[in-house]
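Read through the structure below, which is laid out as structure tokens, and then see the notes.
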Amino acid sequence: SISGAHLPMYKSSQLPGIVVDILEVTNSAPGETPTVTFSLSDKNGVLSPANLAFFNLVMAGPNEDFDFLASERATSATQVGDNFSYTFNTAIPEDAEGSFTIGAEIFNMVPVDTRDGTTMVRHTAENPVFTFAVTDAVPVPRRMVVDDAKCESCHSNLALHGTIRHEPQYCVTCHAPAATDLEELQEGNPEQSIHFKYMIHSIHMGADRANPYIAAGHNQSIHDYGEVEYPGDLRNCDACHVNDSQQLSLPDGLLPTTTPQEWWSPMQPASAACLSCHNGDDAAVHAYTNMTFFGESCATCHGEGKTYAVDKVHAQ
């Protein structure tokens, strides 16, 4: 049929539909190695992690703003009834405070029959994220800045890094304030920030940036977004943001962004967000003269309700 011939592979009814759900985290105090209890299943029932091609559990924190990350292969998880248990080899830092996040990434290779024969397909699951308390009385999740549903209103089934990563609340565990592309750089190329807000703003700004955003990816691949033309209105922050998260002032506790290609690094949180789009010299000078080593004063003029509030200067 026409609809069958044009069906995206990820919508095929032949796929078993892998679902992982994180249920509990114990041993979660500073210095301890947390134990994660999770369920794993598909259309056929309980699915063993040992039968998967790839299954990682990720621990990140603190949820105010991430500066710690541990990723471990969890295919050796122990079955407990219909669920599974995995204990991290990596300990929570001794000086950890607040709440942390556990996430998962997963895929399996499965056969799908097509008109051209049987094709082996990398079948992935969504990325669950689970908040657990380290020193907090109750778990406090990371703030939600963007919504995956808004991403997919343009990108459809947006899936990156081998199609195993789908959820922005999971992406930020790795694309943290201090993250750069250093590990993938070709010799002689400049280091670039891959902090999620700086990277995503820069990519969507594309050709409208004064300087193109170029970053290294897997196997030292080069990604130049200097010719990207955003099809919408860049002033419409709500196209991606939720909960008025684009407004100033930003929450307390956010970390500065490592910005090796800017005039200075690290860059304070609001400046890093704004200058990822407004990256000409004039804007950089304006931001720099309104900050000091302990903070920035952007919200004085650009805060919600102020004369030059974000929603006013971005008014359509």
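Taken together, the values in this text are just the output of simple stated rules run on the coordinates, not laboratory data. Since we're looking at a predicted model, the values are computed, not measured. In this analysis, Cβ positions are derived from the backbone assuming ideal geometry, glycine residues included, and neighbour counts consider all displayed protein chains.
General remarks:
- Mean separation of Cα contacts under 8 Å, 6 or more apart, over the residue count of the chain: relative contact order %: 13 percent
- Across the range 64-120, Cα pairs under 8 Å and at least six residues apart give a relative contact order of 18 percent.
- Nearby aspartates and glutamates by direct alpha-carbon distance to LYS312 (threshold 16 angstrom, same-chain neighbours under 8 apart not counted): ASP233, ASP238, ASP244, GLU304
- Convex hull of Cα atoms in the range 1-48, direction-averaged projection (nm²): 5.1 nm²
- Too-long pairs where the Cα-Cα distance tops 24 Å, listed order kept, from LYS150/LYS197; LYS11/LYS197; LYS43/LYS150: LYS11/LYS197; LYS43/LYS150
- Using the Cβ-Cβ distance between GLN220 and ARG73 with R0 set to 25 Å, the FRET efficiency from 1/(1 + (r/R0)^6) comes to roughly 0.60.
- Excluding the site residues themselves, the longest part of the chain lacking any GluC sites (Glu not before Pro) in a DSSP loop with at most 11 other Cβ atoms within 10 Å is 1-93.
- Spin-label zone in the range 43-80 - amide nitrogen under 18 Å from a point set 7 Å from the Cα of MET109 along the C-beta vector: 49-56, 75
- Dipole magnitude of the chain, debye to nearest 20 (Cβ charges: Lys/Arg +1, Asp/Glu -1, about Cα centre): 700 debye
- Protection proxy ranking, highest mean first, for peptides 164-172, 114-122: 164-172, 114-122, where packing is the per-residue count of other beta-carbon atoms within 10 Å, averaged.
- Computed over the range 1-130, the alpha-carbon pair-distance distribution with 10 angstrom bins reads 12, 38, 26, 15, 7, 2, each value a whole percent.
- Rounded to the nearest 20 debye, the dipole magnitude of the range 183-309 is 320 debye, with +1 charges on Lys and Arg beta carbons, -1 on Asp and Glu beta carbons, and the Cα centre as origin.
- Of the residues ALA287, PRO8, ILE164, the one whose Cα sits farthest toward the positive end of the charge dipole of the chain, with +1 on the Cβ of Lys and Arg and -1 on the Cβ of Asp and Glu, is PRO8.
- Derived scalar couplings ³J(HN,Hα) [the range 37-54; Karplus, 6.51 cos²θ - 1.76 cosθ + 1.60; whole Hz; x for Gly, Pro]: 9, 8, 9, 9, 7, 9, 4, 8, x, 5, 10, 7, x, 5, 8, 8, 6, 7
- Taken along the Cα-to-beta-carbon direction at a fixed 7 Å, the label points for SER41 and SER297 span 5.8 nm.
- Efficiency of FRET between ALA137 and TYR308 - r from beta-carbon atoms, R0 22 angstrom, step 0.05: 0.05
- The range 107-258: relative contact order in percent, alpha carbon pairs under 8 Å with at least 6 residues between: 19 percent
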